[in-house]
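**Q** Starting off with a structure, shown below.
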Amino acid sequence: MSQPTLTTLSHHLFVYRGAVNVGVIHRGEEALLIDSGDGSVMDELQRCGIRFVDGVLFTHHHRDQACGAYRALDAGAWTGAPEAERSLFEDVRGYWHDHRNRWHVYHSQPQLVLTEPVPVHRTFVDGDTLKWSPARITALSTPGHTDGSMTYLVDVDGQRIAFCGDLIYDDGQILNLYSLQKGDPNLLDYHGFMGAYPSLLASLRRILSAGATVLVPSHGAVIRNPQTAVERLEAALNSLYERWADISALRYYFPHRFRSEPLRNPMLSHVPTPSCLRHLDTSWMLFSDSGHLLVADCGSERVIEQVEQWLAQGCIRRVDALWITHYHDDHVEWIPEFRDRFGCEVIAEQSVAQVVTNPAAWRLPCQSPKPVPVDRVVQDGESWQWHEFLLTAFHFPGQSLYHSGLMVDGQAVRVFLCGDSFTPTGLDNYCPFNRNLLDDNSGYFRCLRLLKELQPELLCNAHVDAPFACEVDVLEGWESSLKEQVRILASLSPSGEPDDLLDPNWAYCFPYEQRVAPGEEVSVDLVVRNPSDGSRFVLGVPVLPREWHLPQIPAQTALVPARQEVRLPFRFRLPTDTPAGTWVVPVNVELGERFFLQFAELMLYVR
C-alpha cells in the first residue's frame, strides 16, 4: 500500500488518507475523527502533536470504515454513528449467527458487516448537530451506498466541508456499483441492479444544496469542485442505467417496470415448443422416442410429482439423467430427492459441480445449504450421445459465473438450454453478486459469441414456458449495447476496469465456511482475480480476532497475470481455549496500487 498522506483543508481540519480517508478536526492536543479506517491514523496524530482523540463519528457501518476504532476506544474515545445502522456496529454477532444472511439470500444489504462489535455511545438522525470547538457539525441522512449512510457537514474556518462516505469517489467516478443493488418495494434486492442509484444521486444533490464547498469521500480524492463532479457522475450513471435497461431480461419478467423507457432493441421471437420438450417450474424435460427422460434442474417437488405421474401412466419408461444448469436454489433444491426417487445419474459441468457439491465452501446469492451429489462431471465442450440426441456441455457464464449451457441436437431440432442467462428481451445480469464478468473471454461476451458460433434454432430459458428463436442479428445488437456499457463503466471506475465496479467477489476465501475444534489448524486460500489487462502484484493477510491474542499471520504475495486468478494459502491454529460459536476472520487485500481493508472473510464454526 502507498504511504498515507495528509491533506490540509483548513487551519483546524485535515484528512488522513490511508486505507480510508479519515477526517481530523483538531484543537491543540485534542481531535475528533470522522471514520477510523484501520486505526493507523492514531500513529499520525501522535506525530502531529495530537495526544487525545475525544470521539469518532462514522459515516456508515462498513468494516473498512470502523475496524480500527478500538484504538481510539481503548484510549477513552466515544463513538457516534447513524441511528439506522446502530445494530450493525454493536450486534454483529447477531448478523453472522443469522442463517438468513447465509443461505437462500435474495437481499443485498447490508454488506461488509463488521466482524467484531464497535460500541456506539451516540447516534445521529437527519438534522442533528454537534458543536465541537472549533467546528459545528450537521448530520444529513444520505442513503445510497448503504441505506443508513450519513454525511457530516463540517462548518469550520469559514468553509463547509462534507464527509460523504462512499457516495462518490472522484470527479464522475464511484467506488463500486454492487453496493447500489436494491429492489424497489415490489421486487427483491436480487432483481435491483443499480436500484439505489436514484437515492444516491438525490443524496449528493442534497449535499450540494446544503452549500458544501468540498466533498471528502471515504475512498478517493478530496473533491474541490463538487458541482462538476456530481454532475458528471449523474450523467454517467443515468447513461449506464439506460444502456443496461435496453437489454435487460427484467423487461420480460417485469414489463411494468420499464413502461416509461422505450425498447431500443428488438425481442427474440417465441416459437412453438417441439414435441420432445416440456417445461414445468424451472425444469425443461427432454423426451426420447425410446421413452427415456432427461430433466434439466429440479427446484420444486412438483417436478418429482409430475415425473412420477408420467411413469405411472406409462408416458415414459425411465428417468436416465438430470442436468444442472447452475447452482441457484430454485434449480437445485430438490435434486437430492429427485436422484433418490428415480435412481438417475446427475450430470453437471465443472464450474457448476464445484459449487453444488460443496455449497459451504462458497458465499454466493441464492444458495441452498444442501449438497447435491454429482455422478458425472463434464468439461466445457464435452459431447456425449443420449439415445437419438447429441448433447454438448458448455461453460456458459451469463447470469452467473457458475453456470452452464447444454446443446441438444436431435429429432431435427437444435436447442440450447441456456438456464437463466437470456430471456427474449436480453441479459439476466441484474445481480452482480452472481459475478457477471466483462472481459472478452468471460461472462456475456463469451455467451453471445458461443451462441453466434453454434447457431441453435431455439433457446430455452428455465423460467420461460416457451422457447424463443436464436436470431443472430438480435444477439449482435445486444453485444453492441453491452460494449457501450463497458465503455461507460470504464469511465466510472477508479481503476478504469469495469469488473472492479461489478465483481464483489474478485477476492474471496476458499473454503468459505469451515467447522473446526479449539486447537485445530485452519487451512484457507485467498483467491484473487486480476481484472486488468496487465499483471498485478497481490498481497493478502488474514486479520485474526483480537480476543485470540495470536501473533499476526505473515502476508502472502504473488504476481497475478492479466484476467487470471491466483491462490494465496494461509495456515493458522486456533487457541486451545477458543470459545464455541461462530467466528469471522476478515482478510486485507492489496492489488496493484489499491488497498482493500478487510475486503474478504472466512467463517469458522468452532465446536
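The values are calculated or read from the model by the stated rules, or taken from the named source; none is laboratory data. Please read all numbers here as calculations on a predicted model, not as lab measurements. Virtual Cβ from ideal backbone geometry, glycine too; neighbours counted across all protein chains shown.
**Q** Give, as residue ranges, the helices (runs of 4 or more DSSP H) completely inside the range 292-404 that count at least 1 residues that are basic (Lys, Arg).
**A** By residue number, 301-313, 335-342.
**Q** Would you mind stating whether residue 499 is outside the structural domain of residue 63 (by TED's automatic domain parsing) and under 27 Å from residue 355 (Cβ atoms)?
**A** Yes, satisfied.
**Q** Now for a different question. Assess whether residue 341 counts as being in contact with a strand residue (DSSP E or B) (Cβ under 7 Å, 6 or more places away or on another chain) and among the basic types (Lys, Arg).
**A** Answer is no for this residue.
**Q** Looking at the range 13-38 only, could you name the residues that are in contact with a Lys or Arg (Cβ under 7 Å, 6 or more places away or on another chain) and either buried (at least 21 other Cβ atoms within 10 Å of the Cβ) or not assigned by TED's automatic domain parsing to the domain that holds residue 154 (or both)?
**A** None - no residue of the range 13-38 is in contact with a Lys or Arg (Cβ under 7 Å, 6 or more places away or on another chain) and either buried (at least 21 other Cβ atoms within 10 Å of the Cβ) or not assigned by TED's automatic domain parsing to the domain that holds residue 154 (or both), so the list stays empty.
**Q** Let me ask something additional. Only one of 147, 170 is charged (D, E, K, R), surrounded by fewer than 20 Cβ atoms within 10 Å (Cβ to Cβ) and closer than 21 Å to residue 494 by Cα. Can you tell me which?
**A** Of 147, 170, the one residue that is charged (D, E, K, R), surrounded by fewer than 20 Cβ atoms within 10 Å (Cβ to Cβ) and closer than 21 Å to residue 494 by Cα is 170.
**Q** Further, regarding this structure: Can you confirm whether the range 436-452 contains a residue that is more than 27 Å from the chain's Cα centre (by Cα) and more than 29 Å from residue 303 (Cα to Cα)?
**A** Yes, the range 436-452 has at least one match.
**Q** With of a type in the set (Gly, Ala, Ser) and either buried (at least 20 other Cβ atoms within 10 Å of the Cβ) or touching a strand residue (DSSP E or B) at 6+ places or on another chain (Cβ under 9 Å) (or both) as the only criterion, which of 94, 76 stands out?
**A** The unique qualifying residue is 76.
**Q** Quick one: how many residues across the range 156-167 are outside any loop (DSSP other than H, G, I, E, B) and crowded, with 24+ Cβ neighbours inside 10 Å?
**A** Of the residues in that region, 3 qualify.
**Q** Let me ask you something else. Do the conditions hold for residue 269, that is, is it within 15 Å of residue 466 (Cβ to Cβ), among the small types (Gly, Ala, Ser) and in contact (Cβ under 8 Å) with a residue 12 or more places away in the chain?
**A** Yes, satisfied.
**Q** Also, I was wondering about something else. Being assigned to a strand (DSSP E or B) and surrounded by fewer than 17 Cβ atoms within 10 Å (Cβ to Cβ) is the filter; apply it to the range 573-599 and report the residue that is nearest to the chain's Cα centre (by Cα).
**A** The selected residue is 594.
**Q** Being within 26 Å of the chain's Cα centre (by Cα) and either hydrophobic (A, V, I, L, M, F, W, C) or in the same structural domain as residue 196 (by TED's automatic domain parsing) (or both) is true for just one of 79, 123, 115. Which residue is that?
**A** The match here is 115.
**Q** Counting residues that are more than 19 Å from residue 491 (Cα to Cα) and of a type in the set (Val, Ile, Thr), which helices (runs of 4 or more DSSP H) fully inside the range 184-269 reach at least 1?
**A** Output list reads 197-209.
**Q** Among the listed residues 602, 559, 568, identify the single one that is in a strand (DSSP E or B) and in contact with a Cys (Cβ under 7 Å, 6 or more places away or on another chain).
**A** 602
**Q** Of the residues that make up the range 204-216, is at least one surrounded by fewer than 21 Cβ atoms within 10 Å (Cβ to Cβ), at pLDDT 95 or above, assigned by TED's automatic domain parsing to the domain that holds residue 107 and in contact with an Asp or Glu (Cβ under 7 Å, 6 or more places away or on another chain)?
**A** No, there is no match, as no residue in the range 204-216 is surrounded by fewer than 21 Cβ atoms within 10 Å (Cβ to Cβ), at pLDDT 95 or above, assigned by TED's automatic domain parsing to the domain that holds residue 107 and in contact with an Asp or Glu (Cβ under 7 Å, 6 or more places away or on another chain).
**Q** Also, I was wondering about something else. Return yes when residue 550 is surrounded by 12 or more Cβ atoms within 10 Å (Cβ to Cβ) and touching a residue at least 40 places away in the same chain (Cβ under 8 Å) and no when it is not.
**A** no
**Q** Ok, one more. Just wondering, is there one or more residues in the range 221-234 that are under 30 Å from residue 24 (Cβ atoms) and among the basic types (Lys, Arg)?
**A** yes
**Q** Ok, one more. Tell me the residue from 440, 473 that is exposed (fewer than 15 other Cβ atoms within 10 Å of the Cβ) and at pLDDT below 95, please.
**A** 440
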